[in-house]
Each structure stands twice: as structure tokens, then as C-alpha cells.
1. Among the aspartates and glutamates, select those whose C-alpha is under 17 Å from the C-alpha of K190, and discard any that sit fewer than 8 residues away in the same chain.
2. Between W194 and H45, what is 0.36 nm times their sequence separation minus the Cα-Cα distance? Round to one decimal in nm.
3. Considering the Cα trace of the chain, what is its radius of gyration and what is Dmax, both in angstroms?
4. K17: which lysines have alpha carbons under 25 Å from its alpha carbon, excluding same-chain residues fewer than 8 sequence positions away?
5. Just going by the charge dipole of the chain, with Lys and Arg at +1 and Asp and Glu at -1 on Cβ, which of V143, H35, M59 is farthest out on the positive end?
6. What part of the accessible area of the chain, given as a whole %, is carbon or sulfur when the probe is 1.4 angstrom?
7. Magnitude of the Cβ-charge dipole of segment 12-90, K/R +1 and D/E -1, about the Cα centre, nearest 20 debye?
8. Go through 76-86, 189-199, 47-57 and give me the packing order, highest mean Cβ count within 10 Å leading.
Amino acid sequence: MKIDVVTIFPDYFAPLKLSLLGKASESGIVEFQIHDLRSFARNNHHAVDDTPYGGGAGMVMLPEVWGLALDPLMVENTDLIILTPAGKRFDQPMAESLSASSHIVFACGRYEGIDDRVRQHYSTQEYSSRNIRVHEVSIGDYVLGGGEVASLVMIEAITRLLPGVLGNPLSLSEESHNEDGYLEYPNFTKPSIWRDIPVPEILLSGNHGEIAKWRAEQASKRAENNI
Ligand code: 6GU
């Protein structure tokens with residue numbers, strides 16, 4: 001999988017060299033390329049934004065600059081993700097669906113967002129006929145300063161699903177057994193007693209049927225508490 005990121009803050013993406021993502025890119029499973037949006041600004045002060053038509057607070061990112069940055073990335077079979085708090089909520093099914101993509105481009109908006117004509121332009125038939133899909137995505141109901149952290153969240157959730165990234169693929173199949181796509185029961189490891197708190201007896205029993213039953217119960221208790 002190839003992942004391009006367009007941002008005015010390339011330094012935000014230093015963590016892509018670490019841990020799981022670092023190993024995935026070293027081994028060639030995923031290739032990250034970070035593009036500095038400002039390098040596409042052709043105006044005097046390398047501005048990437050301007051005041052909104054119709055008035056109001058804040059600044060809107062310039063469509064011309066985004067167009068120059070995105071055009072060379074819009075090759076056949078591409079998912080263009082526009083990060084915005086107004087987008088569709090990112091979840092595990094979306095991560096799974098995007099993990100099947102061969103090329104994802106993350107457009108990190110700052111300020112009040114990107115001129116909407118960027119979304120409109122890349123959503124036209126000219127692009128969809130080349131299998132280029134545009135998605136506006138949010139990672140949750142709160143407002144961040146920009147899409148950088150949101151795209152890191154998405155990149156980690158998507159990349160860990162790629163074949164060969166996790167050391168133990170069993171943990172992935174266990175996740176997918178769960179309706180919500182993740183582990184929900186509490187976990188324990190050594191020692192069997194820590195600060196007077198024992199590990200639940202059943203987990204030491206070796207009875208895998210009873211353990212599975214106990215874990216399912218615990219998971220539904222947790223789910224109830226999260227409603
Ligand atoms: Cl994708 N962007 C911003 N600015 N805020 C967010 C978000 C995205 N997702 C949740 N909050």
C-alpha cells in the first residue's frame with residue numbers, strides 16, 4: 001500500500017518511523033510519502049489560506065494550492081481522504097475497507113478547512129471513472145486544530161490490518177470475531193497476584209470453553225457500561 005500525506009506540518013509525521021508503522025514501512029508493506037503543501041504555494045508570501053467568502057471567522061485553505069499538490073497524486077485506484085470534523089465518523093469497518101486500498105491520499109486541512117471546490121473537483125466523473133474515490137472523514141465528535149493527528153490515527157488503524165504487519169495475526173482474527181471489531185474483555189498477565197489483587201481464577205483453570213464464556217460475559221458488561 002502507498003500512503004501520501006499532504007500537510008503544512010510535515011514534522012507531525014515523524015512517528016511514522018516508530019514501532020509498528022516504522023517496521024511496516026521498513027519491510028516495504030507500506031510506503032509513506034509526506035508532501036509539504038506550502039511548497040505548492042505560488043503566491044508571494046507562500047500563503048496557503050485566505051479569508052472566507054461570505055465573511056466569518058478564520059481562514060479557508062486555497063483551492064489552487066491544493067490542486068497543485070493533489071493533481072500528481074490522483075492516479076488510478078486512489079482513495080482521497082479529506083480530514084474534517086464534519087466528515088463521516090471513522091470506525092473499524094472503515095479501517096478494514098480502506099486496508100484493501102492500494103493507494104490512500106490524506107489531505108490534512110487546517111484552520112476552517114479546505115475550499116469545498118477541492119472535494120467537488122475530485123468527486124467528478126472524470127475521477128470516479130479512474131476509480132478515484134473521495135471521502136470526507138472525521139475521527140470523532142470533537143474539534144482538532146487540523147487533520148494531522150486524525151490522519152495519524154487512521155494510518156495506524158489501517159496499516160496494522162495489512163498482511164504481515166502484526167507479529168501475531170491471531171489477534172486480528174480474534175478482533176474480527178467481535179461484532180464491534182475489537183477486544184473488550186479485561187486482560188491479565190504475570191504475576192498471578194499483584195498488590196493483593198488476584199487474576200480471576202477461571203483464567204488459570206486451563207478450561208478454554210469456560211474462559212471464552214467468561215470473557216464474553218465480561219465484554220458484554222463492559223459494552224453495557226459504555227452505552
Ligand atoms: Cl478529521 N479534523 C479536525 N480538525 N478535527 C477533528 C477531526 C478532523 N476529527 C475529529 N475532530
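The values are calculated or read from the model by the stated rules, or taken from the named source; none is laboratory data. Please read these numbers as outputs of a predicted model, since none were measured by experiment. Heads up, the Cβs are rebuilt from the backbone with ideal geometry, glycines too, and the neighbour counts pull from every protein chain shown. Areas reflect the complete protein model, heavy atoms only, side chains present, ligands, DNA and RNA absent. Shrake-Rupley method; radii C 1.70, N 1.55, O 1.52, S 1.80 Å.
1. E201
2. Working: separation 149, 0.36 × 149 = 53.64 nm, distance 6.00 nm.
Full extension from W194 to H45 adds 47.6 nm.
3. When restricted to the Cα atoms of the chain, Rg and Dmax are 21.6, 71 Å.
4. Leaving aside lysines fewer than 8 places away in the same chain, those within reach of K17 are K2.
5. Result: H35, furthest along the dipole toward the positive end.
6. 52 percent
7. Details: 6 positive and 9 negative charges, 62 e Å.
Taking the Cα centre of segment 12-90 as origin, the dipole is about 300 debye.
8. Working: 76-86: 19.7, 189-199: 9.3, 47-57: 11.8.
My ranking of the peptides, most packed first, is 76-86, 47-57, 189-199.
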